[in-house]
Amino acid sequence: MKLQYKTYEEAKESFTWSERWEVFDESQENLNITYECIDRHSEEKTAIRLKFDDGRREVYTFGGLSRLTSQFANMLERLGVDAGDRVAMILNPSVEYYVSFFGVLKRGAVAVPCYSLLGPEGLEYRLRESNSKMAIINRERADLVSPDLVSHLIAAEELRELIQSEDEHYKSSTSADTLAVMQFSSGTTGLPKQVLYNHAAISVTAVYTKFWIGLRDDDKYMCTSSPAWGHGIWYGNIGPMIFGNGIGAYSGKFIPEIFLEGLEEFEITNVSAIPRVYRMIMDCGKLDNYSLKLRHLSYTGSAMDREVTQYFLDKLGLYIHSNYGNTEAGPIVIDYAFDDYKPKLGSAGRPMLGTRLVALDENRRELPPGEIGEVAVWRKGRWSPLGDFGYFDEDGYFWPKGRSDDVIKSSGFRIGPFEIESVLEKHPAIERAAVVGSPHKERGEIVKAFIVANREPSEELKLDIQEFVKTRLSMHEYPKEIEFVKEVPETPDGKIKRRELKERERAKKLMAM
């Protein structure tokens, strides 16, 4: 099979993007994600392993999933949900989610995954923007969907019963160019945006599943990300199943001990998650209590604290492989999973083979190694900025410094918030920290920290926190202002909504003038 490279040098020498199509049974003219991920694989093989926050577990085979998705596709056809129609699923990982997601794609309709805990306004926005014809949601939350929003509203608990009399076979009629998934961005910088993916997107996922996830034929894989987020959709659901590997998912409130129990029970060898999952595992202090068979770890979403990376290196001898990109551009920098690849602690890895990346100055000129600028990718004959700052070292490794919107410009310094947040969260009194630039007449901006504390806030605690940061970072990086809060605003995948905090600060400073 193609994409089976063992070393970085071998892949660098021989890989071409055109070979990704050879992974699939069908031609581009007949490509269907559900067929390639489910229907073509051995019926007896495990397709899905689910671990729930109450300790329960469920397992499903490719054969069972193939029949259920065909029944779902037939139900859609019977109800008048046509090819190209949108179907929203507002669910945690569950058999109902996978049946509806892959059943929609089998029908040739468009899957619209939504976070399961969306409030009424966020849910209404997504259903209206997508023009969804059907929504699938848990019964207890169904009243959040106004009757005028969709033609068909299905309670997830009733799904199996609704499809049980449908035919267990369904013939898809899609191509690589058929629209498959409408994803909504996390909304860290304003209203969520639609991101559209055709069935062809599976071909790019196949490459990264091998090059970054490092999937092997005998791997048992698990991803903790929501199936409404790009990482959860493409690398939690689709990537491993392309190659006939079962997927593993965690459903419900994340409890590190329950997750570790699932890794042990399912004999998981390969995990991909967001940085907060790894930190929670470290903080629980119980990693040594479980007999694990892990051989590969990866992460995406936000920057990883070096302390966490070092912890897993010390405990398991495993480096957590990075992935850098965004919803629109996809992953463009990775820590490769090849045997000869040498990661650098703190970097995001090296550009994806075939991808040209640079750091640009304010005049859009390419910067030399070591100098921080705005990251840009070469697309359609020009440099396209990605809205992030960072630099490339002499060996071509990329060192991210944060979103351009997040970078704090104070007295001529460019300050990234993540490093300050990482130091703050090492303080014994701090549960969570978010750092933004607050407007200042003389300095332009000053560093301000929003702190969730585990003890009574006080002026003494503020001073102690400031001194704590001063001894660990440069003097211009410590928070000049600290505000204690009950929580910091986050997206469902754990990204801090810094724009929301910055806008709050600007409004407050304007009122004070």
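The values are calculated or read from the model by the stated rules, or taken from the named source; none is laboratory data. Only a predicted model underlies this, so the values are computations on that prediction, with no experimental measurement involved. Note that we place each Cβ from the backbone using ideal geometry, even for glycine, and neighbour counts take in every protein chain shown.
So is D335 of a type in the set (D, E), buried (at least 16 other Cβ atoms within 10 Å of the Cβ) and touching a residue at least 60 places away in the same chain (Cβ under 8 Å) or not?
It is true that D335 is of a type in the set (D, E), buried (at least 16 other Cβ atoms within 10 Å of the Cβ) and touching a residue at least 60 places away in the same chain (Cβ under 8 Å).
Look at segment 317-347 and say how many of its residues are touching a Pro at 6+ places or on another chain (Cβ under 8 Å) and either of a type in the set (K, R) or under 19 Å from A11 (Cα atoms) (or both).
Qualifying residue count, segment 317-347: 6.
Would you mention how many residues in segment 131-174 are surrounded by 19 or more Cβ atoms within 10 Å (Cβ to Cβ) and either within 22 Å of F102 (Cα to Cα) or not assigned by TED's automatic domain parsing to the domain that holds D25 (or both)?
Summing the residues that are surrounded by 19 or more Cβ atoms within 10 Å (Cβ to Cβ) and either within 22 Å of F102 (Cα to Cα) or not assigned by TED's automatic domain parsing to the domain that holds D25 (or both) in segment 131-174 gives 15.
Within segment 296-317, track down each residue that is farther than 19 Å from E261 by Cβ and either assigned by TED's automatic domain parsing to the domain that holds L386 or free of Cβ contacts under 8 Å to residues at least 40 places away in the same chain (or both).
Restricting attention to segment 296-317, the residues satisfying the condition of being farther than 19 Å from E261 by Cβ are 296, 298-311, 313-314, 317.
Y299, M304, V308, T309, Q310, Y311, L313, D314, G317 - these are the residues of segment 296-317 that are farther than 19 Å from E261 by Cβ and either assigned by TED's automatic domain parsing to the domain that holds L386 or free of Cβ contacts under 8 Å to residues at least 40 places away in the same chain (or both).
Can you pull out the residues in segment 358-395 that are in a loop (DSSP other than H, G, I, E, B) and at negative phi?
Taking segment 358-395 first, the residues in a loop (DSSP other than H, G, I, E, B) are 361-365, 367-372, 380-381, 393-395.
Correct list: D361, E362, N363, R365, L367, P368, P369, E371, I372, D393, E394, D395.
With (1) outside any helix (DSSP H, G or I); (2) farther than 30 Å from E129 by Cβ; (3) in contact with a strand residue (DSSP E or B) (Cβ under 6 Å, 6 or more places away or on another chain) as the list, and P227 as the residue in question, which single condition is left unmet?
(2)
Under 21 Å from I163 (Cβ atoms), at pLDDT 95 or above, surrounded by fewer than 16 Cβ atoms within 10 Å (Cβ to Cβ) and not small (G, A, S), is that true of E58?
yes
Conditions tested, residue by residue: (1) under 27 Å from K253 (Cα atoms); (2) of a type in the set (G, A, S).
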| site | (1), (2) |
| --- | --- |
| S42 | no, yes |
| R49 | yes, no |
| Y60 | yes, no |
| R67 | no, no |
| N74 | no, no |
| V81 | no, no |
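Going by the structure shown, is D395 in contact (Cβ under 8 Å) with a residue 60 or more places away in the chain and closer than 22 Å to A11 by Cα? Outline the logic, then answer.
Working: in contact (Cβ under 8 Å) with a residue 60 or more places away in the chain: no; closer than 22 Å to A11 by Cα: yes.
No; evaluated as a whole, the condition is false for this residue.
Whether any residue in segment 424-434 is in contact with a Pro (Cβ under 7 Å, 6 or more places away or on another chain), surrounded by 15 or more Cβ atoms within 10 Å (Cβ to Cβ) and at pLDDT below 95 is what I want to check.
Checking segment 424-434: not a single residue is in contact with a Pro (Cβ under 7 Å, 6 or more places away or on another chain), surrounded by 15 or more Cβ atoms within 10 Å (Cβ to Cβ) and at pLDDT below 95.
Can you name the condition, by its number, that T355 falls short on among (1) touching a residue at least 40 places away in the same chain (Cβ under 8 Å); (2) assigned to a loop (DSSP other than H, G, I, E, B)?
Every condition holds for T355 apart from (1).
Considering only residues that are closer than 17 Å to I48 by Cβ and part of a helix (DSSP H, G or I), which ones fall in segment 92-110?
V95, E96, Y97, Y98, V99, S100, F101, F102, G103, V104, L105, K106, listed by residue number.
In segment 421-442, is there at least one residue being closer than 25 Å to K495 by Cβ, free of Cβ contacts under 8 Å to residues at least 40 places away in the same chain, among the aliphatic types (A, V, I, L, M) and part of a strand (DSSP E or B)?
yes
Give G387, G373 a once-over and let me know the one that is at pLDDT 85 or above, in contact with a strand residue (DSSP E or B) (Cβ under 7 Å, 6 or more places away or on another chain) and farther than 30 Å from T7 by Cα.
On the way: G387 fails: at pLDDT 85 or above.
G373 is the lone residue from the list that is at pLDDT 85 or above, in contact with a strand residue (DSSP E or B) (Cβ under 7 Å, 6 or more places away or on another chain) and farther than 30 Å from T7 by Cα.
If I filter segment 116-127 for residues that are assigned by TED's automatic domain parsing to the domain that holds C223, more than 20 Å from G248 (Cα to Cα) and of a type in the set (D, E), do I get at least one hit? Break it down stepwise before answering.
As a first pass, look at segment 116-127 and keep what is assigned by TED's automatic domain parsing to the domain that holds C223: 116-127.
Filter once more, so that each one left must be more than 20 Å from G248 (Cα to Cα): 117-127.
The next check asks that each one be of a type in the set (D, E); those that pass are 121, 124.
Yes: one or more hits.
Looking only at segment 19-55, which residues are hydroxyl-bearing (S, T, Y) and either surrounded by 13 or more Cβ atoms within 10 Å (Cβ to Cβ) or within 20 Å of L215 (Cα to Cα) (or both)?
If the condition is that a residue be hydroxyl-bearing (S, T, Y) and either surrounded by 13 or more Cβ atoms within 10 Å (Cβ to Cβ) or within 20 Å of L215 (Cα to Cα) (or both), then T34, Y35, S42, T46 are the ones that fit.
Are there any pairs with C-beta distances below 7 angstrom linking a residue in segment 1-13 that is touching a residue at least 12 places away in the same chain (Cβ under 8 Å) and basic (K, R) to a residue that is in a helix (DSSP H, G or I) and surrounded by 12 or more Cβ atoms within 10 Å (Cβ to Cβ), with the two at least 6 apart or on different chains, and if so which?
Pairs that qualify, where the first residue is touching a residue at least 12 places away in the same chain (Cβ under 8 Å) and basic (K, R) and the partner is in a helix (DSSP H, G or I) and surrounded by 12 or more Cβ atoms within 10 Å (Cβ to Cβ), are K2/E19; K2/V23.
Would you please name the residue that is modelled with the lowest pLDDT, looking only at residues in segment 471-499 that are surrounded by fewer than 18 Cβ atoms within 10 Å (Cβ to Cβ) and either in a helix (DSSP H, G or I) or among the polar types (S, T, N, Q) (or both)?
Only one residue fits best here, namely S474.
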